[in-house]
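Shown next, in structure tokens, is the structure this report addresses.
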Amino acid sequence: MILAYSKLSFSQVFKLYTALQQYFQNGEKKTVEDADMELTSREEGERKMEKEELDVSIREEEVSCSGPLSQKQAEFFLSQQASLLKNDETKALPPASLQKELNNLLKFNPDFAEAHYLSYLNNLRVQDVFSSTHSLLHYFDRLILTGAESKSNGEEGYGRSLRYAALNLAALHCRFGHYQQAELALQEAIRIAQESNDHVCLQHCLSWLYVLGQKRSDSYVLLEHSVKKAVHFGLPYLASLGIQSLVQQRAFAGKTANKLMDALKDSDLLHWKHSLSELIDISIAQKTAIWRLYGRSTMALQQAQMLLSMNSLESVNAGVQQNNTESFAVALCHLAELHAEQGCFAAASEVLKHLKERFPPNSQHAQLWMLCDQKIQFDRAMHDGKYHLADSLVTGITALHSTEGVYRKAVVLQAQNQMTEAHKLLQKLLIHCQKIRNTEMVISVLLSVAELYWRSSSPTIALPVLLQALALSKEYRLQYLASETVLNLAFAQLILGIPEQALSLLHMAIEPILADGAVLDKGRAMFLVAKCQVASAASYDPPNKAEALEAAIENLNEAKNYFAKVDCKERIRDVVYFQARLYHTLGKTQERNRCAMLFRQLHQELPSHGVPLINHL
């Protein structure tokens, strides 16, 4: 008690004095009460005790800290809430309740630096830039004023607080997208760190320099230098994050998957050696994303499930596991999208439901599942021909990811036959994506532009666009996009009247699509194969022609099954129309009538846009 008393500041001693004075005054009042009031006061006291007991139980239940707490109690409360915010945000107090408790703490002890820092973390949760900046500055002001650093480190402690204050401010501005202010704060941190010869702080500054300049072509040089220095100064966490960033950059630059996986294996060795469980999760989530980028959905699925089934190395706190982090949310989003691509919409909605429970809308990683949910809903609406519904979802997607939103808007306009508006939008988007080096989106836009050309009966103009897309996807090793581009090229050749060449191209592209593709793309590929078989059979003699048409019908049945999985009625209509025509040619009246009836039902149900069926891939 003497030690705790001697650590108090003057304002805290004064508060203790007034509290004691009030306590004694209340005691004196009680002793001079009349005897006839004794019974009443006893009853009131009992009620008060019951109320206090109830208050205590509620307080323990809510992990709150109403009323003045001791230094140790306050420190325990703050460390517990900070740990929960980092690892399992749902178990921490809600933002408003936590802020109320922190304000209560600061009312009794305004110089409590750690409370200001937790207030900064809490404001970050709700994206409050003003309050978070305010709390961060207060934290470092109190740290310097109370002399918490300088007591142990002399003048060095004072300088340390200043440079880390500038570094944290840079990170805060970077998070909110204020890159100019972040750069100024970072320059200040670098200047102070160089004056103090603080290599650890300089390493952190170097990492943030890369984050701010990662769009530049020479940013990888900074990153490589950062990794080497981090290893040299024995900073495994920073070194590993550097390797992860380097792998991500190399993946976007089109390096081979085996080299990237080797690099990630090296970083995994660091994680296991130093028990960096959080970074193990990040590494697996990164592998999931890389396999999806390269179009290997089976490998991506395996990695995502590995992360979900893998328990943390250690319990962070009593009953809290490190599974509510960003990497966990990313893996679950990939899982939902992969299931939706295969037509397993019930499974995808179960995953999303789990995500919503684990990451409530006010949590910092909620945007990940919100975007994933909107994209799945959009794709389902487009498959079902409900373009008005898809158009209403574009606003939500744009709010979460502007580039994706603009692309989806162009897709809707194209589906609604508003070709001029769609073309203008796609051209603007193409220039923007080339500028920010988003190769994946550039290829998707080029494919949409090509589709727009042939739907406007200009397949010859589409060919150079498709060849450009193919060259890009080969250069960046985006296998799945390359297969899709070849599919589009084959379709362009079919329209131009060279189905034999289109068939030979299809045999080259169909294997990756059937192995790793989305169900819709598998259906499109099989439908195109059938179209090419029918077009090639025109020059055959009657026995060979009948055989080719039978093979085409088999492929059409397969395509229909794929389209049925994703409930794509518009494409099923096209397939049954084609089947009816083939059965009519083969003289199979009963089968033709069955397909014709199906076509009529679907045609009445769906809107007709007047686009020739052959001009729709």
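The values are calculated or read from the model by the stated rules, or taken from the named source; none is laboratory data. Quick caveat: nothing in here was measured; it's all calculated off a predicted structure. Because the Cβ atoms are built from the backbone with ideal geometry, glycine has one as well, and the counts that use them run over all protein chains shown. SASA here: full protein model, heavy atoms, side chains in, ligands and nucleic acids out. Shrake-Rupley method; radii C 1.70, N 1.55, O 1.52, S 1.80 Å.
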**Prompt:** Which of (1) closer than 25 Å to Ile290 by Cα; (2) under 25 Å from the mean Cα position of the chain (by Cα); (3) among the aliphatic types (A, V, I, L, M) does Val412 not meet, given it meets every other one?
**Reply:** (1)
**Message:** Criterion first (over 18 Å from Ala530 (Cβ atoms) and either touching a Leu at 6+ places or on another chain (Cβ under 9 Å) or at pLDDT 90 or above (or both)) does Leu503 satisfy it?
**Reply:** no
**Message:** Suppose we filter segment 367-415 for residues that are among the β-branched types (Val, Ile, Thr) and under 14 Å from Ala336 (Cβ atoms); how many remain?
**Reply:** 1
**Message:** Condition (residue is among the small types (Gly, Ala, Ser), in a helix (DSSP H, G or I), closer than 21 Å to Ala166 by Cα and modelled with pLDDT of 85 or more) applied to segment 233-240: is it met by at least one residue?
**Reply:** no
**Asked** Can you tell me which residues in segment 241-256 are of a type in the set (A, V, I, L, M, F, W, C) and either closer than 20 Å to Asn438 by Cβ or assigned to a loop (DSSP other than H, G, I, E, B) (or both)?
**Response** Leu246, Val247, Ala251, Phe252, Ala253
**Prompt:** Which pairs do you get when a residue that is on the phi > 0 side of the Ramachandran plot and modelled with pLDDT of 90 or more, found in segment 525-548, comes within reach of a residue that is open to solvent by 10 Å² or more (accessible area, probe 1.4 Å) and part of a helix (DSSP H, G or I), reach meaning Cβ atoms under 9 angstrom, with the pair 6+ apart or on two chains?
**Reply:** none
**Request:** Return yes or no: is Lys375 in contact with a helix residue (DSSP H, G or I) (Cβ under 9 Å, 6 or more places away or on another chain), surrounded by fewer than 19 Cβ atoms within 10 Å (Cβ to Cβ) and closer than 20 Å to Asp567 by Cβ?
**Result:** no
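When you look at Arg594, is it among the charged types (D, E, K, R) and within 28 Å of Gln418 (Cβ to Cβ), yes or no? Talk me through it step by step, then tell me what you get.
Details: among the charged types (D, E, K, R): yes; within 28 Å of Gln418 (Cβ to Cβ): no.
Against the criterion (among the charged types (D, E, K, R) and within 28 Å of Gln418 (Cβ to Cβ)), Arg594 does not qualify.
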**Message:** Suppose the filter is at pLDDT 90 or above and crowded, with 21+ Cβ neighbours inside 10 Å; does Ala471 pass it?
**Reply:** no
**Item:** In segment 75-90, the residues that are assigned to a helix (DSSP H, G or I) and either open to solvent by less than 30 Å² (accessible area, probe 1.4 Å) or polar (S, T, N, Q) (or both)
**Value:** Phe77, Leu78, Ser79, Gln80, Gln81, Ser83, Leu84, Leu85, Asn87, Glu89, Thr90
**Request:** Can you work out which of the residues in segment 354-370 that are without any contact (Cβ under 8 Å) to a residue 40 or more places away in the chain, hydrophobic (A, V, I, L, M, F, W, C) and farther than 15 Å from Gln127 by Cα is most open to solvent (accessible area, probe 1.4 Å)?
**Result:** Met370
**Members of segment 400-413 that are open to solvent by less than 40 Å² (accessible area, probe 1.4 Å) and more than 17 Å from Val442 (Cβ to Cβ)** = Val412, Leu413
**Message:** Which of the numbered conditions does Val449 fail, given that it passes all the others? Conditions: (1) open to solvent by 10 Å² or more (accessible area, probe 1.4 Å); (2) in contact (Cβ under 8 Å) with a residue 24 or more places away in the chain; (3) over 25 Å from the mean Cα position of the chain (by Cα).
**Reply:** (1)
